[in-house]
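The values are calculated or read from the model by the stated rules, or taken from the named source; none is laboratory data. Bear in mind that the values here come from a model prediction, so they are computed numbers and not experimental data. In this analysis, Cβ positions are derived from the backbone assuming ideal geometry, glycine residues included, and neighbour counts consider all displayed protein chains.
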Amino acid sequence: MAQIRPFQCVRPNEQVADRVAALPYDVYNRKEALEEVNREPLSFLKIDRAETQFDDSVDTYAPQVYQKAKELLEQAVADGTFVTDQDNCYYLYELTMDGRAQTGIVACASIDDYQNGVIKKHENTRADKELDRITHVDTCSAQTGPIFLAYRANEVIQSIVAKTKTEAPLYDFTSPDGITHRVWKVASHTDVETVQKAFASIDSIYIADGHHRAASAVKVGLKRREANPGYTGEEEFNYFLSVLFPDEELMILPYNRVIKDLNGYSQEDFMAKVQEVFEVEVSDEAVMPAKKATFGMYLGKTWYTLTAKEQILSNDPVDGLDVALLQNSLLEPVLGIHDPKTDKRIDFVGGIRGLQELERRCDEDCVLAFSMYPTSIQELFAVADANRLMPPKSTWFEPKLRSGLFIHRI
C-alpha cells in the first residue's frame, strides 16, 4: 500500500517557468553551474547550487552557501517569481524527447514507505553525497529536486492522466536541450481522491533515478521527527517530492564503458580471450546492440559485434544483466577491473552521448570501448524485488526531470 499524497506546491509563475526550470544539480561541476547561472539568471540552479553566488575562495559546502540558497528561495517567493498553490493537488509532468513522451504524477511519497520497503531501491548511496542535499533541504526547509519513481502502469491512474491532459496546461515550453515540458494541475477533489486510492492499491514503487536525493530527504524527515517527538505522521517532513512514471512509458538508455588499457595484453592476445566467451564478428559500422546479451566493441579503430556464449549467460536478476555479463566474463577476469566504482582504468559514457563519443575517447585517452544494450525497466524491477543491487552505472535515464518547477515545503 503506497502512500502517495497530493501537496501544496510552490512553483514558478507561468511567465518565467521556462527560465526557472533547471537540470538536476549534480549534472554540473562548479564551473559549468556558474556558466549556466550567468547564461540564465533566473535558473533554479542558483538556488540548488548557491556556491555560484560566491567566488572560488568560498567552499562549495560552506554554511553560508546553504544560507544563501534559503535566502534566494525566500526572495523568489516574495518577489512573485514563485507562487504557492493553496490546495492539495497532484500535477502531471510530461517530458517529450525526440517525439517520445512520458508523463508522471507529481506528488509526495512517504518516508515510511522508503523505510519499510514499499519504495524499493536498487543502488547504494554514499554518505558524503547525501550530506550536501541533507543540509540543503534542512536549511531551506524545502525539497527542490524531485525523485524519479516508477510503478507498474495502472488503468485508473492512466484514465485520470488522459482526462487531465485534455485541459490547457499550466506550462508548455521547450528547454534549450530540445526537451518539451508540459505541466497540468489535477485540481478536482474527486480526481485527487481517485489517484490517491489507486496508488494505495499498488504494493511496490521503485526508485528509478535519484537515490541520493531520496536518502537525503528521508534523513531530514527522520531528523525532524527526533526534534518533534509528538509528531503525528501528517507533517510535510514525513513526505518527499517525487514524480511517478508508469513503467510502460519509460526509456532507459545504455551506459557504455571505455577502458584505458588492455592490462598488459597485446591486441591479438586480448581478442583471443574475448573469443573464449563471445562470438565475435567484425562490423563495417559503429555497433549499437540490437538485443540483450550482445555488445559493441571498439578496438584498434575497428568495431566488432560480440554475442555472449551460452556458458556465461545467467537467469539471476543481477548476474544476468548485460552490465554484469561484461563485468564478470571480461572486465574483471581479463582486464583486472575488480571494482568498477573505484578503478581509474574504466570510465562510463551515458548513451545520450552516442557512439561517436566512444570513438573520440579511444582516440584521446582510452584504447577500448563497449557499447551496451540498455537495461530494461523490468530488469530494474526484478533486481529491486529481489532486494539486490544493480552493478554500478547500469542505467541512464533520459530525459532528466527539471528542478524548480515543483517545490515541496517541509
When residue 262 is evaluated against the numbered criteria (1) touching a residue at least 60 places away in the same chain (Cβ under 8 Å); (2) out of contact with any strand residue (DSSP E or B) (no Cβ under 7 Å at 6 or more places or on another chain), which criterion, by number, is the only one it fails? (2)
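Name the residue, out of 310, 285, that is out of contact with any strand residue (DSSP E or B) (no Cβ under 7 Å at 6 or more places or on another chain), more than 16 Å from residue 254 (Cα to Cα) and acidic (Asp, Glu).
Details: 285 fails: out of contact with any strand residue (DSSP E or B) (no Cβ under 7 Å at 6 or more places or on another chain).
Just a single option satisfies the conditions, and that option is 310.
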Quick check on residue 16: is it surrounded by fewer than 21 Cβ atoms within 10 Å (Cβ to Cβ) and either charged (D, E, K, R) or more than 23 Å from the chain's Cα centre (by Cα) (or both)? yes
Does the stretch 338-361 include one or more residues that are in a loop (DSSP other than H, G, I, E, B) and either of a type in the set (A, V, I, L, M) or in the same structural domain as residue 27 (by TED's automatic domain parsing) (or both)? no
Over the stretch 325-337, the set of residues out of contact with any helix residue (DSSP H, G or I) (no Cβ under 9 Å at 6 or more places or on another chain) and more than 12 Å from residue 274 (Cβ to Cβ) is 327, 332, 336
Would you say residue 182 is closer than 22 Å to residue 250 by Cβ and part of a helix (DSSP H, G or I)? no
For residue 391, all conditions in the list (1) at pLDDT 95 or above; (2) buried (at least 20 other Cβ atoms within 10 Å of the Cβ) hold save one; what is the number of the exception? (1)
Mind checking whether some residue in the stretch 361-371 is in contact with a strand residue (DSSP E or B) (Cβ under 7 Å, 6 or more places away or on another chain), surrounded by 18 or more Cβ atoms within 10 Å (Cβ to Cβ), modelled with pLDDT under 95 and not aliphatic (A, V, I, L, M)? no
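Can you tell which of 66, 25 is assigned by TED's automatic domain parsing to the domain that holds residue 136, buried (at least 19 other Cβ atoms within 10 Å of the Cβ), in contact with a Gly (Cβ under 7 Å, 6 or more places away or on another chain) and closer than 30 Å to residue 115 by Cα?
Exactly one of 66, 25 is assigned by TED's automatic domain parsing to the domain that holds residue 136, buried (at least 19 other Cβ atoms within 10 Å of the Cβ), in contact with a Gly (Cβ under 7 Å, 6 or more places away or on another chain) and closer than 30 Å to residue 115 by Cα, namely 25.
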Scan the stretch 372-386 residue by residue and report those that are over 18 Å from the mean Cα position of the chain (by Cα) and either buried (at least 22 other Cβ atoms within 10 Å of the Cβ) or more than 10 Å from residue 317 (Cα to Cα) (or both). 372, 373
Tell me, please, whether a residue that is in contact with a Phe, Trp or Tyr (Cβ under 7 Å, 6 or more places away or on another chain), assigned to a helix (DSSP H, G or I) and surrounded by fewer than 20 Cβ atoms within 10 Å (Cβ to Cβ) can be found in the stretch 134-152. yes
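Would you tally the residues in the stretch 19-33 being outside any loop (DSSP other than H, G, I, E, B) and either modelled with pLDDT of 95 or more or within 20 Å of the chain's Cα centre (by Cα) (or both)? Spell out the reasoning first.
Taking the stretch 19-33 and keeping what is outside any loop (DSSP other than H, G, I, E, B), we get 19-20, 22, 25-27, 30-33.
Filter once more, so that each one left must be either modelled with pLDDT of 95 or more or within 20 Å of the chain's Cα centre (by Cα) (or both): 19-20, 22, 25-27, 30, 32-33.
So the answer is 9.
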When you go through (1) out of contact with any Asp or Glu (no Cβ under 9 Å at 6 or more places or on another chain); (2) of a type outside the set (Val, Ile, Thr); (3) modelled with pLDDT of 95 or more; (4) surrounded by fewer than 19 Cβ atoms within 10 Å (Cβ to Cβ) one by one for residue 199, which number turns out not to apply? (4)
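Looking only at the stretch 258-273, decide whether some residue is within 24 Å of the chain's Cα centre (by Cα), surrounded by 19 or more Cβ atoms within 10 Å (Cβ to Cβ) and not charged (D, E, K, R). Give the derivation first.
Of the residues in the stretch 258-273, the ones within 24 Å of the chain's Cα centre (by Cα) are 258.
Checking the rest, the ones that are also surrounded by 19 or more Cβ atoms within 10 Å (Cβ to Cβ) come to 258.
So of that shortlist, the ones also not charged (D, E, K, R) come out as 258.
The answer is yes, given that some residue of the stretch 258-273 is within 24 Å of the chain's Cα centre (by Cα), surrounded by 19 or more Cβ atoms within 10 Å (Cβ to Cβ) and not charged (D, E, K, R).
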Please find, among 208, 214, 162, the residue that is part of a strand (DSSP E or B) and either assigned by TED's automatic domain parsing to the domain that holds residue 133 or under 16 Å from residue 146 (Cβ atoms) (or both). 208
